[in-house]
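Chemist: Below is a structure I'd like to ask you about.
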Amino acid sequence: MPLQLYDTMTREVREVFPMDENSVRFYACGPTVYGPAHIGNFRTFVMQDVFRRVLETSGHKTLHVRNLTDVDDKTIRQSQEQGVKLEDFTDKWTVRFHRDCEFLNLLTPHAEPSAVEHIPEQISLIERLIEGGNAYRANDGSVYFKVDAFPEYGRLSRLAEREITTSTTDRETSDEYERETAADFVLWKVRRPEDGENFWDSPWGQGRPGWHIECSAMSMKVLGDSFDLHSGGVDLIFPHHENEIAQSECATGKTFARHWFHIAHLMVEGKKMSKSLGNLHTLEDLFEQGYSAQEVRYVLLSGSYRQPLNFTFDSMKASRKAMSKLRDFATKFNFIPTTGNTLETEFGPFQPVQEALLSDLSTPEALGRCFSLVRELSEAYERGEYEGQQDAVSEVCRGFQATCDAFGLVVEPKKVDLVEIPADIENLAQKRWNAKLSKDWAMADQLRNELLELGWVVKDGKEKFELTRSAE
Ligand code: AMP
Ligand code: ZN
C-alpha cells in the first residue's frame, strides 16, 4: 500500500512515489539557527520525520535533505547585537538544534547543507536568472526577481483566488514579509553597514543572498533540478515556497518539486507559537518541568498535521499516561526496543496502525488503533493465550517495534527493580501464580489488581513470575 499524502499544490491527497523508482528524494526547509528551536518548529520537523519513517517502514528508500539557514536577516541582526561572529553564533545554535533532534529521536537527514557553504551556487543561480531575463539589478544595487516574468507565480498559495495582483512598482527587500503582495523580491542584497563583516563578493558587488534563493540553490544542488517532495510549516507557503518555485522553475524550465507537504502550526491559546509572540516552549523548558522528550514527541503526534494543534499542559499529562501504558505493554511482552537508522517493516498484528499512517499520515487515528491493539493483545496475554507461544510473542514484538519505528517513539519496558520484595507481596504473587495454574482467571486477575494497587507489576514467564515496581 503506497503512502497517500495531501499536496498543497493540487489540493488533493496523492500518492507519494519516487520519480527515479529508487529513493523518495525530499527537501525540508531547516531551522534558522539564531536561537533554540521551539516545540512549534519541532512539530514540523517531527511530522517530516514521521513522513520519512512511514516511507521507510513500508519498504521505500529515502533521500532526506534538511538545510540550515545560517545567514539571513535574523541571524545577522542577532549576532551583531551580541557582538559575536556570525559563524560562531550559528554554530552554537546548530549544536543545540542537533542535540534537541537527538532527544526527540529525529532521524538524521542524509544531507544537511548550510546556506553559508553554498554562496557560489546561489550566485550562479542568480546569474542564470539574470541571463534569462527573470531578474534584474535595481538602482539600489540589489538584485531582484521579476515576478511578472513568471506567469505561474502564486499557484501554490492561490494568490489569484485571493485577488492579490502582482505589483510592478513595489519591491520586497526583507527575507520575511507579512504583506501579501506579489512584489519583486530580493535575490542578492547589496552590502549595508548594519551587515558588519557579513558580505561576499559577487558579479554585482559585495553583498549577501536573500533567504529564498538559498533554499532553491541548496535543494537543487543535492537533489537535482526536479525532486519528489518539498516540505515546511504552513507559514512557508507564501512567500518562501512560492518564491522558491518561481526562481527554480525560471532557471531550469522544469517542475521544481512534484509534491508539497505543509504542516499546520502548533498554537498556544489560539496564536501561532513563535519567537516574536514570546509564547514559546523549548524542549529544555519542558525538561525543567519534568517532562521527557518522548512525551513531547507523543503530544506533537497527537493531532493531524493538517490542523492546527493547541499546546496545553493537560495534553502533556495525557501523553505521560499514554506512554506509561505503552511501557506496560512492553513490560508484559518482554519487548526490548531497538533504536537506530534501520527500521522494522513487519507490522504483523499492528498492520491497522500502518494503514492509518499510509492514509495521509493520520497520526491520531494511528495512535488510537495502536492503543486498541495494545489493549486487545494485553487481554489475550492475561488470558494466557501467549503462554508457550514464543513465535507469536515475537511477532507481536516485531509489529510493536515497527509501530514504534513509524511513530519514532522509543518505548522502554519498565525497569526490573532489584530492591527486596517484601514477603507479603511475594506471598500474594505466589497465590496469584497458583490461581493461574489452576486456571482460576478471576482470582488471578483480582490478585494482579491488588498487587498493582500496592505498586507491583507481575510479569509471567514460562515457568515462573517476576515482580517489578510499577512506575507510578
Ligand atoms: P524557522 O526556524 O523559523 O525557519 O522554522 C523552521 C520550521 O518550523 C519551518 O518549517 C516553519 O514553517 C516551522 N514552524 C515555525 N513555527 C511553527 C509552529 N508554531 N508550528 C509548526 N511549525 C512551525
Ligand atoms: Zn526554505
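Read-outs: derived from the displayed coordinates by stated rules, not from any lab. Quick caveat: nothing in here was measured; it's all calculated off a predicted structure. Cβ: placed from backbone, ideal geometry, glycine included. Neighbour counts: every protein chain shown.
Chemist: To the nearest µm²/s, what D does Stokes-Einstein give for the stretch 44-92 at 20 °C and 1.002 mPa s, using the Kirkwood radius over alpha carbon pairs as Rh? Show your work: numbers first, answer last.
Modeler: Working: Rh = 13.2 Å.
Translational diffusion coefficient: 162 µm²/s.
Chemist: Rounded to the nearest 500 deg cm²/dmol, what is the calculated helix-only ellipticity per residue at 222 nm for the chain, with -39500 (n - 2.57) per DSSP H run of length n ≥ 4? Let's see the in-between values first.
Modeler: Values: 14 runs with 192 residues, N = 472.
Calculated at 222 nm, the ellipticity per residue is -13000 deg cm²/dmol.
Chemist: Restricting to lysine pairs 8 or more places apart or on different chains, what number in the stretch 335-472 have Cα atoms under 22 Å apart?
Modeler: Pairs that pass both the separation and distance tests number 16.
Chemist: The stretch 1-72: which GluC sites (Glu not before Pro) are DSSP loop and have at most 13 other beta-carbon atoms within 10 angstrom? Don't skip to the answer; put the middle values down first.
Modeler: On the way: sites: 12, 15, 21, 56; in loops: 21.
Sites meeting the loop and neighbour criteria: 21.
Chemist: Once you charge only the Cβ atoms, +1 for Lys and Arg and -1 for Asp and Glu, what is the size of the charge dipole of the chain about its Cα centre, to the nearest 20 debye? Before the final figure, lay out each step's value.
Modeler: Values: 55 positive and 77 negative charges, 121 e Å.
Computed about the Cα centre, the dipole is about 580 debye.
Chemist: In nm, to one decimal, how far is the modelled label at residue 410 from the one at residue 158, with both set 7 Å along Cα→Cβ?
Modeler: Each label point is offset 7 Å from its Cα along the Cβ direction, giving 4.2 nm.
Chemist: In debye to the nearest 20, how big a dipole does the stretch 4-263 give about its Cα centre with +1 on each Lys and Arg Cβ and -1 on each Asp and Glu Cβ? List each step's numbers first, then the result.
Modeler: Values: 29 positive and 44 negative charges, 72 e Å.
In total the dipole reaches around 340 debye.
Chemist: Here's a follow-up. Mean separation of Cα pairs under 8 Å and 6+ residues apart, divided by the residue count of the stretch 4-263: what relative contact order is that in percent?
Modeler: Result for the stretch 4-263 is 24 percent.
Chemist: Then there is this: Amide H to amide H under 5 Å from residue 310: which residues, 5+ apart in sequence or cross-chain, H placed 1.01 Å off N in plane?
Modeler: 267
Chemist: While we're on this one: What angle do you read, to the nearest 10 degrees and between 0 and 90, between the alpha-carbon axis of helix 313-332 and the longest principal axis of the chain?
Modeler: Roughly 50 degrees between the two axes.
Chemist: Here is a follow-up. Could you compute how fast the stretch 265-332 diffuses translationally, taking Rh as the Kirkwood radius over C-alpha pairs and applying Stokes-Einstein at 4 °C with viscosity 1.567 mPa s? Give it in µm² per second. Write out the running numbers ahead of the final one.
Modeler: Details: Rh = 12.9 Å.
This corresponds to a translational diffusion coefficient of 100 µm²/s.
Chemist: A further question follows. Of 138, 8, 113, which is farthest along the charge dipole of the chain in the positive direction, counting Lys and Arg as +1 and Asp and Glu as -1 at C-beta?
Modeler: Checking the options against the dipole of the chain, the answer is 8.
Chemist: Which of the listed residues, 270, 386, 401, is farthest toward the dipole's positive end in the stretch 268-407, when Lys, Arg count +1 and Asp, Glu count -1 at the beta-carbon?
Modeler: Comparing the listed Cα positions along the dipole, 270 ranks first.
Chemist: Roughly what would the spin-label model give for residue 395 and residue 284, points 7 Å off Cα along C-beta, in nm?
Modeler: 4.9 nm
Chemist: Now a separate question. Measure out, as a whole number of angstrom, how far apart the alpha-carbon centroids of the stretch 259-289 and the stretch 322-349 sit.
Modeler: Taking the Cα centre of each part, the stretch 259-289 and the stretch 322-349 sit 28 Å apart.
Chemist: For the stretch 297-308, just list the computed ³J(HN,Hα) in residue order, Karplus coefficients 6.51, -1.76 and 1.60, θ = phi - 60°, integers in Hz, with x standing in for Gly and Pro.
Modeler: 4, 4, 4, 5, 8, 6, x, 5, 5, 8, 10, x
Chemist: First measure r as the distance between the Cβ atoms of residue 4 and residue 423, then evaluate 1/(1 + (r/R0)^6) with R0 = 51 Å and state the FRET efficiency to the nearest 0.05.
Modeler: About 0.30, to the nearest 0.05.
Chemist: Using θ = phi - 60° and the Karplus curve 6.51 cos²θ - 1.76 cosθ + 1.60, what whole-Hz ³J(HN,Hα) does each residue of the stretch 334-340 get, with Gly and Pro shown as x?
Modeler: 6, 7, 10, x, 10, 10, x
Chemist: Taking the beta-carbon count within 10 Å as an exposure proxy, list 265, 259, 98 from fewest neighbours to most.
Modeler: 98, 265, 259
Chemist: For the pair residue 112 and residue 431, what calculated FRET efficiency results from E = 1/(1 + (r/R0)^6), where r is the Cβ-Cβ distance and R0 = 60 Å, to the nearest 0.05?
Modeler: Numbers: r = 58 Å, r/R0 = 0.97.
Using R0 = 60 Å, I get an efficiency of 0.55.
Chemist: Can you sort 52, 320 so the residue with the fewest Cβ neighbours within 10 Å comes first?
Modeler: Values: 52 23, 320 18.
Ranked by crowding around the Cβ, least crowded first: 320, 52.
Chemist: Mind listing which trypsin sites (Lys or Arg not before Pro) in the stretch 182-272 are in a DSSP loop and have 11 or fewer other Cβ atoms within 10 Å?
Modeler: Sites meeting the loop and neighbour criteria: 254.
Chemist: Which far-off residues, 5 or more places away or on another chain, put their amide H under 5 Å from the one on residue 470, with H placed in the peptide plane?
Modeler: Here 456, 457 satisfy the definition.
Chemist: Taking every alpha carbon pair in the chain, what does the distance histogram look like in 10 angstrom bins from 0, in percent?
Modeler: Per 10 Å bin, starting at zero, the Cα-Cα P(r) for the chain comes out as 4, 18, 26, 22, 14, 8, 5, 3, 1, 0 percent.
Chemist: Right, here's the next one. If contacts are Cα pairs under 8 angstrom and at least 6 residues apart, what is the relative contact order of the stretch 268-407 in percent?
Modeler: Relative contact order for the stretch 268-407 comes out at 27 percent.
Chemist: For residue 463 and residue 82 in the same chain, what is the full-extension length gain: residue separation times 0.36 nm, less their Cα-Cα distance, in nm?
Modeler: 130.6 nm
Chemist: Taking 2.2 N^0.38 Å as the expected size of a compact globular protein, what ratio does the Cα radius of gyration of the stretch 4-263 give against it, to two decimals?
Modeler: Rg over 2.2 N^0.38 Å, computed on Cα atoms: 0.98.
Chemist: Give a residue-ordered list of calculated ³J(HN,Hα) values for the stretch 59-71 (Karplus: 6.51 cos²θ - 1.76 cosθ + 1.60, θ = phi - 60°; whole Hz; x for Gly, Pro).
Modeler: With coefficients 6.51, -1.76 and 1.60, one gets x, 8, 8, 9, 10, 9, 10, 9, 8, 10, 8, 10, 8 Hz.
Chemist: While we're looking at this one, here's another question. Remind me, relative contact order of the stretch 423-469 in percent, using alpha carbon pairs under 8 angstrom and six or more residues apart? Show your work: numbers first, answer last.
Modeler: Numbers: 42 pairs, mean separation 13.7, N = 47.
Relative contact order, the stretch 423-469: 29 percent.
Chemist: Limiting things to C-alpha atoms, what are the Rg and the maximum Cα-Cα separation (Dmax) for the stretch 124-283, in angstroms?
Modeler: Cα-based Rg and Dmax for the stretch 124-283 come out at 16.4, 49 Å.
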